[in-house]
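Trainee: Sharing a structure below in structure tokens format, with a few things to ask.
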């Protein structure tokens, strides 16, 4: 039997390399079913948008058991370091969460990360004992700075959030993979299963997907497709692809022909 290919973040062990968001679904029941089908063991939770504490309203925890699924509070909707810090400190107070996803956006149109505010927030949160998984641009130099600032995972965008465009800069992702020892997770811009597969074939440790599943015509089939794509891409990467050759190379032997 093959040894299981475990995935580690901040010394926590996971088997699934697919992380799924909890936003944009029609309702919490649909969200819970899609996550179950996906096999994801980590789900992102927008602290500012998803109810995790008001017992007078439907609670996400009633649908997704935090004892079985790791909650990853995030700072979706934050545009300054101060907002992000306040949000994650609140998450720690509510549920004791220290493993968190940081995103500080720079503009409301493209939703690109503000890397100056992001780097500053990473440094502060790391000093406060948070285990920070960081949404960032695909700049290898900035990725290294985030690692040096104490991040536990680098999460570069494939394309703008919710765009479904797939990975736009494979070269930079490859360079980041070579330069960092941290878990590398593609975050934002995945549109279909083949995008997730490509991310894994580039050597990424995981993929975070929300819109592509939640807004698919059939979220459950897409969730399963993403699950299988991540597995296939990982297997392909571990197998070691053949060298690219721009000339034909016959599969059959050239000697002993009839």
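Trainee: Take the alpha-carbon positions of the range 130-180, form their convex hull, and give its projected area averaged over all directions (one quarter of the hull surface) in nm².
Mentor: Spelled out: convex hull of the Cα atoms, projected over all directions, averaged, 3.5 nm².
Trainee: Do the sum for the chain: with -39,500 (n - 2.57) for every DSSP H run of n ≥ 4, divided by all residues, what is the mean residue ellipticity at 222 nm, to the nearest 500 deg cm²/dmol?
Mentor: So the helix-based figure for the chain works out to -11000 deg cm²/dmol.
Trainee: Now, a different point. Evaluate the distance, in nm, between pseudo-label points positioned 7 Å from the Cα of residue 57 and of residue 246 along their respective Cα→Cβ axes.
Mentor: Placing both labels 7 Å beyond Cα along the Cβ direction yields 5.8 nm.
Trainee: How big is the equivalent ellipsoid of the chain along its three axes, where each semi-axis is √(5λ) from the Cα gyration tensor, reported in whole Å from largest to smallest?
Mentor: Working: eigenvalues 222, 97, 55 Å².
Value: 33, 22, 17 Å, ordered largest first.
Trainee: OK, next. How would 68, 101 line up from fewest to most surrounding beta-carbon atoms within 10 angstrom? Could the numbers behind the result be given before it?
Mentor: Working: 68 8, 101 26.
So the ranking, lowest neighbour count to highest, is 68, 101.
Trainee: How far is helix 28-38 tilted off the main Cα axis of the chain, in degrees rounded to 10, range 0 to 90?
Mentor: Taking the Cα atoms of the chain, the angle to 28-38 is about 30 degrees.
Trainee: What angle, in degrees between 0 and 90 and rounded to the nearest 10, separates the Cα long axis of helix 219-239 from the longest principal axis of the Cα atoms of the chain?
Mentor: Helix 219-239 sits at roughly 50 degrees to that axis.
Trainee: While we're looking at this one, here's another question. I'd like the orientation of helix 115-127 relative to the chain: the angle between its Cα long axis and the longest Cα principal axis, in ° from 0 to 90, rounded to 10.
Mentor: Tilt of helix 115-127: around 70 degrees.
Trainee: Could you give me the percent of Cα pairs per 10 Å distance bin for the range 1-121, shortest bin first, beginning at zero and ending with the bin that holds the maximum distance?
Mentor: Bins of 10 Å from zero give 12, 39, 35, 12, 2 percent of pairs.
Trainee: I've got another one for you. Would you list the P(r) distribution for the range 111-257, with all Cα-Cα distances sorted into 5 Å bins from 0 and each bin expressed as a whole %?
Mentor: Calculated over all Cα pairs of the range 111-257, the distribution is 2, 10, 17, 18, 16, 13, 9, 6, 3, 2, 2, 1, 0, 0, 0 percent.
Trainee: Further, regarding this structure: Extending each Cα 7 Å along its Cβ direction at residue 70 and residue 220, get the distance between those two points in nm, one decimal.
Mentor: 2.8
Trainee: Once the piece of chain linking residue 33 and residue 3 is laid out straight, how much longer is it, given 0.36 nm per residue of separation minus the C-alpha distance between them?
Mentor: So the chain would gain 7.9 nm between residue 33 and residue 3.
Trainee: May I pose another question? Expected output is a single nm value to one decimal: the length gained when fully extending between residue 178 and residue 94, i.e. 0.36 nm times separation in residues minus the C-alpha distance. What is it? Let's see the in-between values first.
Mentor: On the way: separation 84, 0.36 × 84 = 30.24 nm, distance 3.74 nm.
Residue separation times 0.36 nm, minus the Cα-Cα distance, leaves 26.5 nm.
Trainee: Report the relative contact order of the chain, percent, no decimals, based on alpha-carbon pairs under 8 angstrom and at least 6 residues apart. Can you show the working numbers first?
Mentor: Details: 487 pairs, mean separation 43.5, N = 258.
Relative contact order for the chain comes out at 17 percent.
Trainee: Now for a separate question. Using the Cα atoms of the range 196-254, I'd like the radius of gyration and the largest Cα-Cα distance, Dmax, both in angstrom.
Mentor: 15.9, 52
No lab work stands behind these numbers, since they all come straight from the coordinates. The shown structure was predicted, so the numbers you read here are calculated from the model rather than taken from an experiment. As a convention, Cβ positions derive from the backbone with ideal geometry for all residues, glycine included, and neighbour counts pool all protein chains shown.
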